[in-house]
Amino acid sequence: MSQITIVDLAETLGLSKSTVSRAFRDSSDISPKTKERILAKAEELGFSPNLYASSLRGNRSQTIAIIIPEFGNKFFSQAIKGIELVARSKKYHTLIYVTDNNVQNEASIVRSLGNGRVDGVLISASGEGKDHSHLQTLIDHDIPIVFFDRSYDDFHGHFVTGNDFESSRLATQHLIDNGCKNIAYLVINQKVSIGKIRMDGYRKALEDNGIPFREELILDTENDETKNRAAIRNLIKQHKPDGIFASVERLAISTIRVAGEEGVQIPEDLKLICFSCLDIADLLNPSLSVVKQPAFAMGKEAANFLFRTLDKPVELHQQQTTLLQSSLIFQNSSRKI
């Protein structure tokens, strides 16, 4: 789909380019009827005015957008630091948007960026969904997109993430090596790319050790602390896992709280490991075993690729993935007694 320009819109309407431009700038010297006609046709054709660029050919906004699912997560604060380090070195500004893990919010944000406000977008996917056509808005306006940490299967572009499959396999294997045979997997939205990939690693470790996969030990939860704790409490009471692999840090923290309330001892009764960027994991009681993602490096790598693309555009017809190594830090929450 070719990009509609203000000249194309003006020709379609039989008006001058300056008249169309004044309509978008809400100028007082254009009649409300003409303005309404222009805006209606623009919406019909999918035209979004570039109010931020100058008329000089090749001008850029010197700004990139960072779109993340949430703020309450140490991973994203570290990734943003990596992105901003690169952006500052390129004399670029950053705009940060939060989707609250909602793909409709993501779509609204993405569509608002097609008017020249930013030169490129770094994004961590909000949720799987079925319709990702909003990404086409950026592609149609020649705005490059790089995903980091979380992506969509149908996105044809660059994706920077951790080696989640292998890290998850090793984390689950660690629990097995320490005597666990009834291991639960905790995830928030297993349809998101990281949820699926981490569960695949968990399943592979079970398979390698001849342990049957049990659907009732998969807990797919929400972004709600109260509901999460209730679901974890029910899991522990009903299925009595001897090990838990949490795909995100908050579920491990909820597990520790529920275990304390239910008199379940960690690691004596229940061993625990999770993905986390928590700097104080060693100060918890017991100290928490973690898969630590290279969040800062991930942000830097994603930003560097975006700026290389701005300098020399590339067209990818399938997803190109860069995997960065995570660190497994085994502490008291998963040790063998």
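The values are calculated or read from the model by the stated rules, or taken from the named source; none is laboratory data. In this text, all values refer to a predicted model and were calculated from it rather than measured experimentally. Ideal geometry is used to build each Cβ from the backbone, glycine not excepted, and the neighbour counts take in all protein chains shown. These area figures cover heavy atoms from the full protein model, side chains too; ligands, DNA and RNA do not enter into them. Shrake-Rupley method; radii C 1.70, N 1.55, O 1.52, S 1.80 Å.
Tabulated values for the structure
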| item | result |
| --- | --- |
| Selection from the range 198-225 of residues that are without any contact (Cβ under 8 Å) to a residue 24 or more places away in the chain and acidic (Asp, Glu) | Glu207, Glu215, Glu216, Asp224 |
| Residue among Gln331, Gln318, Gln325 that alone is at pLDDT 95 or above, open to solvent by 80 Å² or more (accessible area, probe 1.4 Å) and not charged (D, E, K, R) | Gln325 |
| In the range 151-167, residue surrounded by the most Cβ atoms within 10 Å (Cβ to Cβ) [restricted to those that are touching an Asp or Glu at 6+ places or on another chain (Cβ under 7 Å) and closer than 14 Å to Pro294 by Cα] | Val160 |
| Of all residues in the range 273-291 being assigned to a loop (DSSP other than H, G, I, E, B) and of a type in the set (Gly, Ala, Ser), the one that is farthest from Arg335 (Cα to Cα) | Ser276 |
| Val314, sole failed condition from (1) free of Cβ contacts under 8 Å to residues at least 60 places away in the same chain; (2) over 24 Å from Leu85 (Cβ atoms); (3) assigned to a loop (DSSP other than H, G, I, E, B); (4) out of contact with any Pro (no Cβ under 8 Å at 6 or more places or on another chain) | (2) |
| Ser112 being open to solvent by 50 Å² or more (accessible area, probe 1.4 Å) and without any contact (Cβ under 8 Å) to a residue 40 or more places away in the chain | no |
| Residue in the range 120-129 that is free of Cβ contacts under 8 Å to residues at least 40 places away in the same chain, open to solvent by less than 10 Å² (accessible area, probe 1.4 Å) and not hydroxyl-bearing (Ser, Thr, Tyr) present | no |
| Complete set of residues in the range 168-180 that are open to solvent by 10 Å² or more (accessible area, probe 1.4 Å) and in contact with a helix residue (DSSP H, G or I) (Cβ under 9 Å, 6 or more places away or on another chain) | Arg169, Leu170, Gln173, His174, Ile176, Asn178 |
| The one condition in (1) open to solvent by less than 40 Å² (accessible area, probe 1.4 Å); (2) among the hydrophobic types (A, V, I, L, M, F, W, C); (3) touching a helix residue (DSSP H, G or I) at 6+ places or on another chain (Cβ under 9 Å) that Val192 fails to fulfil | (3) |
| Extreme residue, nearest to Ala295 (Cα to Cα), among residues of the range 86-107 that are open to solvent by 50 Å² or more (accessible area, probe 1.4 Å) and in contact (Cβ under 8 Å) with a residue 12 or more places away in the chain | Ile96 |
| Flag if Ile266 is open to solvent by less than 10 Å² (accessible area, probe 1.4 Å), β-branched (Val, Ile, Thr), touching a residue at least 40 places away in the same chain (Cβ under 8 Å) and touching a strand residue (DSSP E or B) at 6+ places or on another chain (Cβ under 9 Å) | no |
| Given (1) within 26 Å of the chain's Cα centre (by Cα); (2) open to solvent by less than 10 Å² (accessible area, probe 1.4 Å), number of the condition Arg250 does not satisfy | (2) |
| Residue match in the range 220-240 (condition: open to solvent by 60 Å² or more (accessible area, probe 1.4 Å) and closer than 21 Å to Arg335 by Cα) | yes |
| Filter result (surrounded by fewer than 19 Cβ atoms within 10 Å (Cβ to Cβ), of a type in the set (Asp, Glu) and in contact with a helix residue (DSSP H, G or I) (Cβ under 9 Å, 6 or more places away or on another chain)) within the range 130-150 | Asp131 |
| All helices (runs of 4 or more DSSP H) inside the range 80-194 with 1 or more residues being under 30 Å from Ile329 (Cβ atoms) and touching a strand residue (DSSP E or B) at 6+ places or on another chain (Cβ under 8 Å) | 164-177 |
| Qualifying positions in the range 199-213 - open to solvent by 80 Å² or more (accessible area, probe 1.4 Å) and either within 14 Å of Pro241 (Cβ to Cβ) or assigned to a loop (DSSP other than H, G, I, E, B) (or both) | Pro212 |
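Condition check ((1) surrounded by fewer than 22 Cβ atoms within 10 Å (Cβ to Cβ); (2) β-branched (Val, Ile, Thr)) across all residues:
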residue	(1), (2)
Leu284	yes, no
Val290	no, yes
Ala302	no, no
Thr309	yes, yes
Lys312	yes, no
